[in-house]
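Down below is the structure, laid out as structure tokens.
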Amino acid sequence: MPGKETIINIEGLSQFYGEKQVLHDINLYVRRGEFITLLGPSGCGKTTLLRLIAGFLQPTEGRILLDGKDISVLPPHKRPLNTVFQRYALFPHLDVYDNVAFGLKLAGVPEDEIQKRVKKMLKLVSMSDYESRNVDSLSGGQQQRVAIARALVNRPKVLLLDEPLSALDLKMRKDMQIELKEMHKKLGITFIYVTHDQEEALTLSDTIVVMNEGRIQQIGTPIDIYNEPVNAFVADFIGESNILKGRMMRDYRVAFIKHEFDCVDAGFGEDVTVDVVVRPEDIYFTNDPAKCQFKATVNSCTFKGVHYEMWVDTDTGYELMIQDYDPYPVGSEVMLYIDPDDIQVMKKERRANTYPAKVLGEGKVEFLDTEFSCDTSGFAEGEEVMATIRFEKVDLLDHEEEADLTGNVVFILYMGDHYHLTVKTETGENIWVDTNDIWDKGDFVGIKILPKDIKLSKPVAGNE
Amino acid sequence: MNKRSRWALPYFIFLVLFVALPLLLIVIYSFTDGAGHFSFANLTKFFSDGNSLSTFAVSIEVAIENTLLCILIGYPAAYILADKKLNPSAVTVVLFILPMWINALMRTLATAELFNMAGIPLGKGTLLFGMCYDYLPFMIYPIYNVLNKMDKSYAEAAQDLGATPGEVFRKVTLPLSLPGVWSGVMMVFMPTVSTFAISEFLTNNKIKLFGTIIQENINNSMWNYGAALSLIMLVIIGITTLFQGGKSEGEASGGVLI
């Protein structure tokens, strides 16, 4: 709902680096005074988006509006925004005072006002005693404070922060998080914050924008994002979770790990496959057989500071992670239950791999820029069709010989009894694979699909 | 002495034989007369001889002019070479070293011939041209190195704080590249003072530089006076180096010729 209360509107923003598209049609608005975080793994496009807002990049498509005015064509020095850089980028030839005063001097602010504002800002970041210090002599945390002061002293309409705390150690990072949050409250300036640290995002933000592969996955408050992730990627990326295949039996009733549970979700339809997320702290132990929904054996138990992290094998052969304040001995049989409230049901994003394909001839078909053999009876040569391959029918090989094509494992999801992998082929297409084998992210794999596992169908109208 | 420090022994012997000893000889020769008696005669001769002094002055003047010329041409060249947008390939950088693969004397002779062919009279202009041609790479490289290694986020931070491209250069890029400029100055200024071949070929010895008179004295077996002149030059080198050392202290690492 863009309107008066929004300060930044991003409309249909796409960005290409050469052939490679790094942002896909980003639409986003930022409310005045909001602390919004762009969160995602490295390479998801969050920094590119921030650099587009700052003006260091020109968008390939789309616009960025600030207070309703298109700023996407303005060079960075004409945008009323300031950035806190990941590596601080403090000028090494200037002392702390001159670094902070840099922007004000350029703007031609009178000397006595510069002095007042710089001193006030240094006080805000608790760096008053360091005015004439060389910036190289400061610690990482102190440099970070100066960098924040240097940006804030110009009273920007929006402050952009590019992973500002990533170079600090854990303790310092926690302290700075609290200070940033307080500064934001005190100054009322809109903050756009980029991080790959989900905990940081949950702590700081009013709104989190989860990104992956150049697309926005979910926008919401930290609590929404944590409790109601819209897809497996978000569930996996934010916090710990058990992500499982499920089946919606009917409204308010879902089956997974071969047991049926009451839930609070409805509207999926009857007998529909879904993904289910259960947070590890939402699986409870009980001694009451009446409450018990399923049994399991404790497989491992690790002390994590506040809680214990346990892996259990259910009586139906699934592995689940549970977090609890009390440990249960390894090997012991336990009774477990899950509250209906704590079961998050998600629409399945895809049920099988489907690709537009072309019949090359008798028994030959082409998709993913590769030729495959399969049964083509009923289809004419040159016909455009859809090829469907079930996730578990794709074989991954650790060598290129015998493989139909090759790719890299880009995302791994443990689904309780198998892994769901996303493999990116060399032409940039995704193949999803269900497997029991253990692969690592980044592994180079050969992909093999048997002719009998490729099912062809007529393309559905309106579906690509 | 531990075992490791023994490895330094060959270097130590080298230093003594080829650095310390020759320096000592220069000092001894400077303060003795032909018969080997201690004397200040060589130094007083220099400071009372109008010819020597004016040659010295001309040398310094030419060196300053050449250094300024090299900065004027070298800085923009280095800036363009270091800019990935203007110069996407590193090949261009190699092109700048290529002339240095040819012996400097041959290049100078060839330059002189070119001037002769074109009918341009040899003189101060041709001298400066030759010097600039010979020493320009020594100015470009250190500056290029510093600019090339400079974190791009400094320029971005300046833009972000409201600096126009011109202001970014004046207030950030230029000050941060000064260590490279100082290295370049060192590598151009001192050799220019002491060079004699370039002035000989490119001015037909019409303009004599300090290096020329040292060479003449040594050639004519006036070892003591030649040594005294060398010593004076050494002192100047020493002073400039100290001056430069003070300048770049604590600043980002200066560029060194690769």
### Query
Does any residue of the range B:130-149 turn out to be within 13 Å of chain A (Cβ to nearest Cβ) and open to solvent by 30 Å² or more (accessible area, probe 1.4 Å)?
yes
#### Entry: Hits in the range B:57-88 (condition: among the acidic types (Asp, Glu), assigned to a helix (DSSP H, G or I) and farther than 12 Å from B:THR192 by Cβ)
none
### Task
For A:GLY40, indicate whether it is more than 14 Å from every other protein chain (Cβ to nearest Cβ), out of contact with any Cys (no Cβ under 7 Å at 6 or more places or on another chain) and not charged (D, E, K, R).
yes
### Task
Scan the range B:180-209 residue by residue and report those that are open to solvent by less than 20 Å² (accessible area, probe 1.4 Å), under 16 Å from B:THR240 (Cα atoms) and among the hydrophobic types (A, V, I, L, M, F, W, C).
B:VAL181, B:VAL188, B:MET190, B:VAL193
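Conditions (1) at pLDDT below 95; (2) of a type outside the set (Val, Ile, Thr); (3) under 23 Å from A:ILE208 (Cα atoms), marked per residue:
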| position | (1), (2), (3) |
| --- | --- |
| A:ALA232 | yes, yes, yes |
| A:SER241 | yes, yes, yes |
| A:ARG250 | yes, yes, no |
| A:HIS259 | yes, yes, no |
| A:VAL274 | yes, no, no |
| A:ASP288 | yes, yes, no |
| A:GLY305 | yes, yes, no |
| A:ASP315 | yes, yes, no |
| A:LYS347 | yes, yes, yes |
### Tally, over the range A:159-200, of residues that are assigned to a loop (DSSP other than H, G, I, E, B) and out of contact with any Gly (no Cβ under 7 Å at 6 or more places or on another chain)
7
### Summary
Restricting the range A:72-99 to residues that are open to solvent by 10 Å² or more (accessible area, probe 1.4 Å) and of a type in the set (Phe, Trp, Tyr), the one nearest to the other protein chains (Cβ to nearest Cβ) turns out to be A:PHE85
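Would you be able to tell me the number of residues in the range B:161-173 that are in a helix (DSSP H, G or I) and either within 10 Å of chain A (Cβ to nearest Cβ) or small (Gly, Ala, Ser) (or both)?
Within the range B:161-173, residues that are in a helix (DSSP H, G or I) and either within 10 Å of chain A (Cβ to nearest Cβ) or small (Gly, Ala, Ser) (or both) number 6.
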### Message
Exactly one condition in (1) among the aromatic types (Phe, Trp, Tyr); (2) within 11 Å of chain A (Cβ to nearest Cβ); (3) closer than 21 Å to B:SER89 by Cα is false for B:TYR154; which is it?
### Response
(3)
### Query
Given the conditions (1) assigned to a helix (DSSP H, G or I); (2) closer than 25 Å to B:LYS208 by Cα, which single one is not true for B:ASN148?
(2)
### Message
If A:TYR328 satisfies all but one of (1) hydroxyl-bearing (Ser, Thr, Tyr); (2) within 24 Å of the chain's Cα centre (by Cα); (3) in a loop (DSSP other than H, G, I, E, B), what's the number of the condition it fails?
### Response
(2)
## Note on the structure
When B:GLY184 is run through (1) out of contact with any Pro (no Cβ under 8 Å at 6 or more places or on another chain); (2) more than 14 Å from chain A (Cβ to nearest Cβ); (3) not basic (Lys, Arg), the failure sits at (1)
### Query
Taking the range A:100-117 as the search range and keeping residues that are more than 9 Å from chain B (Cβ to nearest Cβ) and in contact with a Leu (Cβ under 7 Å, 6 or more places away or on another chain), which one is most open to solvent (accessible area, probe 1.4 Å)?
A:ARG117
#### Entry: the range A:390-405 residues that are in the same structural domain as A:HIS418 (by TED's automatic domain parsing) and touching a residue at least 24 places away in the same chain (Cβ under 8 Å), paired with ones that are acidic (Asp, Glu) and open to solvent by 80 Å² or more (accessible area, probe 1.4 Å) (beta carbon under 8 Å, 6 or more apart)
A:LEU396/A:ASP437; A:LEU405/A:ASP369; A:LEU405/A:GLU426
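Test of understanding: among A:GLN58, A:GLN143, which residue is open to solvent by 10 Å² or more (accessible area, probe 1.4 Å), within 28 Å of A:HIS24 (Cβ to Cβ) and polar (S, T, N, Q)?
On the way: A:GLN143 fails: within 28 Å of A:HIS24 (Cβ to Cβ).
Of the residues listed, the single one that is open to solvent by 10 Å² or more (accessible area, probe 1.4 Å), within 28 Å of A:HIS24 (Cβ to Cβ) and polar (S, T, N, Q) is A:GLN58.
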#### Entry: strands (runs of 3 or more DSSP E) contained in the range A:223-301 and holding at least 1 residues of a type in the set (Phe, Trp, Tyr) and in contact with a Phe, Trp or Tyr (Cβ under 7 Å, 6 or more places away or on another chain)
A:283-286
### Summary
Flagged in the range B:32-57 as touching a residue at least 60 places away in the same chain (Cβ under 8 Å) and open to solvent by less than 50 Å² (accessible area, probe 1.4 Å), in numbering order, are B:THR32, B:ASN42, B:LEU43, B:PHE46, B:SER52, B:THR55, B:PHE56
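The values are calculated or read from the model by the stated rules, or taken from the named source; none is laboratory data. In this text the structure is predicted, and so the values were computed from the model without any measurement. Note that each Cβ is placed from the backbone with ideal geometry, even for glycine, and that neighbours are counted across all protein chains shown. Please note that ligands, DNA and RNA were not included when accessible areas were found on the heavy atoms of the full protein model with its side chains. Shrake-Rupley method; radii C 1.70, N 1.55, O 1.52, S 1.80 Å.
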